[in-house]
Amino acid sequence: MSLSFFCKQRIVNKMIKMEKFKLDAFFLITMLILVTAVLTWVLPGGTYDRVEQDGRQVVVEGTYQTVDSDPQGVFDVLKSPIKGFEQTAEIIFFILIIGGFFSVLEKTGTIGIIIKNMALFFNSHETIKMFYIPVLMTLISLGGAILGLGEELIVLTPLIISISLVLGYDTIVGISISLVAAATGYSAGFLNPFNVGIAQGVAEIPLYSGIGYRLIVWIVFTGIAIFFTMRYAMKIQKNPELSLTAKMDKEKRKEIKILEKTDKVTLAHKLIMFAFGGALILLVWGIVKQGWYIQEIAALFLGLSFLTAVIYRMNPAETSSAFARGAASLVKISIFIAFARAIVIVAGDGKILDPILHGLVYVFSKFHPIVSSQFMFIAHSIISFFVVSSSGQAVLTIPILAPLSDLIGLSRQITVLAFQLGQGIIHIFIPTSPIVLAILGIGRVSLSDWFSWCWKLVLILTITAMLLLIPPYFMGW
């Protein structure tokens, strides 16, 4: 397959912008730590009584009282990220192991080969070609919902775009299959370790609880994404000139050789997929029947990494190198999580966390709990422009919003749902997301063209999300 038409220099420029943004994100978090420390010298202290209920610390309504604050000095500020690492150690190791597993799986080439063979199958049967989009989008959305598929798509996107062009679609369809499917699956995730998993852990509610309603949300979101993409795909099939990338795609098709030679799915690839499917079944069983938490789930994926390497006959050096490379790719996110936690630590040690909570209770108590959940949804969408990492945002906001929900009559489960929906949908087009910039760079689609195509979809998903936050309240979810 020739990749010359993907404009390598543009991809390099996008990566440079990504690095700049990451530095800006850390600068923002560091400034928030400093601002929080300054506030401990300004705001009066206060505290709520807390009791243990169903294994979590719950704020007791009506027990707020003022106390002397504990101003945080320079040394306290410097120690706070270290305490952040201590308090989020399980979450950080969990993330690193997931990254290592993905890297080992990527090393086997299993996913790419399966996608190629799927494309060959659909291309050879004209009557079933129309199922290419819903099948692949469903699979990628599942990847987002179960495994938090994100950065991995940067590797697969050139392949998906090329296959889409061969099947008579355009670059926009290829990007939608990749980016939109993953973003909708990620936001509506029911087993996603990076948003719902971490948020529920921080909120001190059973890991992956509420899976039934989240499955409904995922089906609705994925269905909307597929319908929107197929509607556009059928339109440009009838009239290719209506495509936003029509001229560019003509040149791309001249160089595509993706289906001339397709790699064979070997026994090893089949066994790897079988092992992966078995691990997911074991995961659900462990969570539902055995009460598995972060340690057990991390151990499962660590074992799956080793099993994948054995099946593919990777030697120890290749296995350790691949695993370390995947873990290393998530080190910055891990540091970000620890620094985000440091903000809460400084506020808590300075005894201003509860006064902030008390002020939020005063504001939110004026609204119905359903309206409050929708405000949370909007707030997380806005925060995502500055804090792109879902894990980092969960550690930053949920420690405040979880006890807040207790005091305003909103379940912590709904608070987590508002977080994951608000944080996820916006990642379809958010200009500060490295994944969005990289995928658009690979496809040579400008951010303005992409926004002009997807803004209606984002609006539909936003309205749908706000409506889906209503039933759980009446269900007592």
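For this structure, a couple of remarks:
- Here the spin labels are modelled as points 7 Å beyond Cα on the Cα-Cβ line, and at K247 and M273 they lie 4.1 nm apart.
- Note on V180, V77: ascending count of other Cβ atoms within 10 Å places them as V77, V180, the fewest first.
- Rounded to the nearest 20 debye, the dipole size of the chain about its Cα centre is 1820 debye, using +1 on the Cβ of Lys and Arg and -1 on the Cβ of Asp and Glu.
- Of K107/K264; K129/K264; K129/K238; K129/K252; K116/K238; K129/K250, pairs whose Cα-Cα distance is over 18 Å: K129/K264; K129/K252; K116/K238; K129/K250
- Restraint check, K366/K456; K83/K332; K79/K332, Cα-Cα greater than 25 Å: K366/K456
- Within the chain, longest stretch free of exposed trypsin sites (Lys or Arg not before Pro) [DSSP loop, at most 11 other beta carbons within 10 Å]: 1-256
- Rounded to the nearest 10 degrees, the inclination of helix 110-123 to the longest alpha-carbon principal axis of the chain is 50 degrees.
- Alpha carbon centroid spacing (whole Å) that separates region 333-386 from region 144-184: 33 Å
- Other residues within the sphere of radius under 14 Å centred on the Cβ of E90, judged by their own Cβ, net out at -2 (K and R +1, D and E -1).
- Label-to-label distance, nm, for residues given as H125 and K264 (7 Å Cα→Cβ offset): 2.2 nm
- 0 to 90° range, to nearest 10: angle between helix 8-42 axis and the chain longest Cα axis: 10 degrees
- Shown in residue order for region 133-148 are the 3J(HN,Hα) couplings computed by the Karplus curve 6.51 cos²θ - 1.76 cosθ + 1.60 at θ = phi - 60°: 5, x, 5, 5, 5, 5, 5, 5, 5, 4, x, x, 6, 9, 10, x Hz (x for Gly and Pro).
- When the Cα positions of L159, I140, L78 are compared along the charge dipole of the chain, L159 comes out farthest toward the positive end, with charges on each C-beta of Lys, Arg, Asp and Glu.
- Helix axis angle, 369-383 relative to the chain longest principal axis, alpha carbon, degrees: 60 degrees
Read-outs throughout are calculated quantities, based only on the coordinates presented, and are distinct from any laboratory measurement. In this text, all values refer to a predicted model and were calculated from it rather than measured experimentally. Methodologically, a virtual Cβ is constructed for each residue, glycine included, from the backbone with ideal geometry; neighbour enumeration extends over all protein chains shown.
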